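The values are calculated or read from the model by the stated rules, or taken from the named source; none is laboratory data. Being a predicted model, the structure only gives us computed values, none of them experimental. Cβ: placed from backbone, ideal geometry, glycine included. Neighbour counts: every protein chain shown. In case anyone asks, the SASA skips ligands and DNA or RNA and just uses the protein heavy atoms, side chains included. Shrake-Rupley method; radii C 1.70, N 1.55, O 1.52, S 1.80 Å.
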Amino acid sequence: MPAEHFDKLLRLLEIERQAEREANKRELERYPVEMREALGKTVTRLTLAGEEMGLGGYHMLIFTKHVSEGALSPFQAMGNGDIVSVTFPSGPGSWQGTIFRVDDVSVTIALDRNPPEKLPAGPYQIDFLGSDATYYRMAEAVEEVKNAKIGPLFFLREIFMGHRRPRLGKPGGVTFINERLNEFQRRAVETALAAPEVALIHGPPGTGKTTVLIEIILQAARQGLRVLASAPSNIAVDNMLEKLLRHRVKVVRLGHPARISESLRHATLDALILEDPLQEEIRRLRRERDRLLKTGAARREAALAGKEIRSVERMISKAVLGGAQVILATHAGLTKAVSKRNFDLAIMDEASQATEPLSWIPLSKAGKVVFAGDTFQLPPTIYSKEALRGGLSVTLLEKLREILPKGSQTLLRIQYRMNEKIMEFSSRQFYDNKLIADDSVRGHLLAHLPEILPTDLTHRAVLFIDTAGAGWDESWNELLDSRENQGEAGMVRVLLGQLKAAGIRPHQVGILSPYVAQVRLLKGLIREPGLEIGSVDGFQGREKEAVILSLVRSNERGEIGFLSDTRRMNVAMTRARRLLLVIGDSATIGRHPFYAQFLEYADSHNAHRSSYEWTREIL
């Protein structure tokens, strides 16, 4: 019964909410301040460097901290859009806010409420926080779909529960806006536009999934349909927004400006509200309210002025949203501003990374949906083992793959990112060997880039550097509750040096590892402006000309931990365009079938080399 399924989802959701809260609590309370600071989740001894008014009227505080030569950035675990608390010195207490901008030595916080008028220079403290808001929105969406009795949401629920077979549309003639779409992309667009209720687009790495979604959105807007485009991550939403802004279509991006790419903030609801002619009236009302507050005896009149300000702002917001052809937001960012707005079409990108409850937020607002994603890339992050066992990680995308008729599903097959040799292993393992490298990328190498010297590395596409027998055993980092490998870190530095010597610039290289301790170790060891060092999870949807991947695991027991989640490795191995360098211990990883096959693949391409060739440089 539907009610039983959704009641179970609500129970799992509450378990997961508590698990995430406990995880944050353990980090902030279990560890001393010094340890939290080492984790990058707390920053102390900050100095107030300035204040400003930000987009949407948010009060911004700019903090700085001296970083000694060679020390880690104090903000290495925080990023734009993170919710934090700011603890004020001696008196005012703590304020919640959102990180607006962050670099090595400074951070700008957009506060949720105005601070006292006169603030001391410091010292201040920032702590990373969790938020329950997303859980509340998921629970509301699950309750809504559970109780649906009739209408589009009811029919979508019946399809997803397997109680009703979706109708198949007849693809008609489409005049494509983007005439460069390949045959598989065109088929996906036609199928999605024709589907009366649901369509599914499988988008393996580099196949232009977002390009297809943009075409579908533009075609729908041309037909006069209202479109909601969403994804679990801000990066994916910003990617769609950036491409849509190249066309004449009215778009509005929802969400806190701090979580949105700076170059795109002009399209946010906050920015568009500020551009409205009625802003002059709001400014007049604010001046009047401030004047009344200063008199002390006119608080009632000041409150009425404040109420009128909010009323005018709601009027502007309603007009801006009502005039939009496309509204974009993260699933969790769909606030009450659009809760009562019915959309003709919902576009859901990165559908493999959204739990079912999260997916129901945008689904509850449209009569038709197009899912796009890849079940062979990263799944949703789940904190609770109990919720994981209960099935919270099973996405609607996975369910749809099984229940949707083939006529409603399209596999994109031509990829535009990787050299054919980088693509081939992934294609064999995950996509039934169906991927095709476009002519523009099939044989491209680093050596083909301008001003790059021909070397052994720049003339290769794939290379596995085997550390077996090197004595580079993994170690456990108690502080980060994660694993690291000093020897592999040294190898990464040597390989990066060789690439730089050949003319490769740091911004063209990505250094990845599945382990956060290894990422932190590498960031401390290698400091290059423009170089990106990060986790595999944080790099989905990204690409670099060259990628160096450190697998870390090296032990006599052959234990590989979550390296056994091959979807994570699929993501890691498909971020590179021209060169993929993988560092690992064949004696450890080779006991797992996936890695045994990768070793065979490397051998078949003469791409299996021993770390001994570089040992002198490392030592």
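The candidate values are (1) 36; (2) 40; (3) 50; the one derived from this structure for percent of Cα pairs over 39 Å apart carries the label (1). Summing charges over all other residues whose Cβ lies under 9 Å from the Cβ of VAL536, with Lys and Arg as +1 and Asp and Glu as -1, gives +1. Determine the share of the stretch 94-236's accessible area contributed by carbon and sulfur atoms, expressed in whole percent, with a 1.4 angstrom probe. In the stretch 94-236, the share of accessible area belonging to carbon and sulfur is 50 percent.
Simple spin-label estimate for ILE150 and ARG591 gives 6.2 nm between the two label positions (7 Å along the Cα-to-Cβ direction from each Cα). When the solvent-accessible area of the stretch 423-523 is split by element, carbon and sulfur atoms take up 47 percent of it, the probe being 1.4 Å. Among the trypsin sites (Lys or Arg not before Pro) found in the stretch 163-238, those both in a DSSP coil and sparsely packed, with 11 or fewer other Cβ atoms within 10 Å of their Cβ, are ARG180. Pairs of alpha-carbon atoms within less than 8 angstrom and 6+ residues apart define the contacts here; what relative contact order does the chain have, in percent? Relative contact order for the chain comes out at 13 percent. The mean accessible area for residues of the stretch 109-176, using a 1.4 Å probe and ignoring ligands and nucleic acids, is 59 Å² per residue. Compute the relative contact order of the stretch 285-405 as a whole-number percentage, counting only Cα pairs closer than 8 Å that sit 6 or more residues apart in sequence. Relative contact order comes out at 20 percent.
Which entries of LYS146/LYS544; LYS170/LYS399; LYS243/LYS368 show an alpha-carbon separation above 32 angstrom in the structure shown? In this structure, LYS146/LYS544 lie more than 32 Å apart at Cα. Model label sites at ARG248 and ARG300, defined 7 Å from Cα along the beta-carbon direction, differ in position by 5.4 nm. Normalised by the number of residues in the stretch 98-162, the average gap of Cα pairs under 8 Å and 6 or more apart makes the relative contact order 14 percent. Based on protein heavy atoms only, the stretch 466-605 ends up with 36 Å² per residue of surface accessible to a 1.4 Å probe. The Cα-based radius of gyration of the stretch 101-179, divided by its Kirkwood radius, gives an Rg/Rh of 1.28.
With the simple model of a label 7 Å out from the Cα in the direction of the Cβ, ASP132 to GLU262 spans 3.6 nm. Counting only DSSP beta bridges whose two residues both lie in the chain, roughly 40 percent are antiparallel. Based on DSSP H runs of at least 4 residues, each adding -39500 (n - 2.57), what is the mean residue ellipticity at 222 nm of the chain after dividing by all its residues, to the nearest 500 deg cm²/dmol? After summing the helix terms and dividing by the residues of the chain, the value is -11000 deg cm²/dmol.
Computed over protein heavy atoms with a 1.4 Å probe, the carbon and sulfur contribution to the accessible area of the stretch 527-619 reaches 46%.
Taking Lys and Arg as +1 and Asp and Glu as -1, the other residues whose beta-carbon sits under 12 Å from that of ILE177 total +4.
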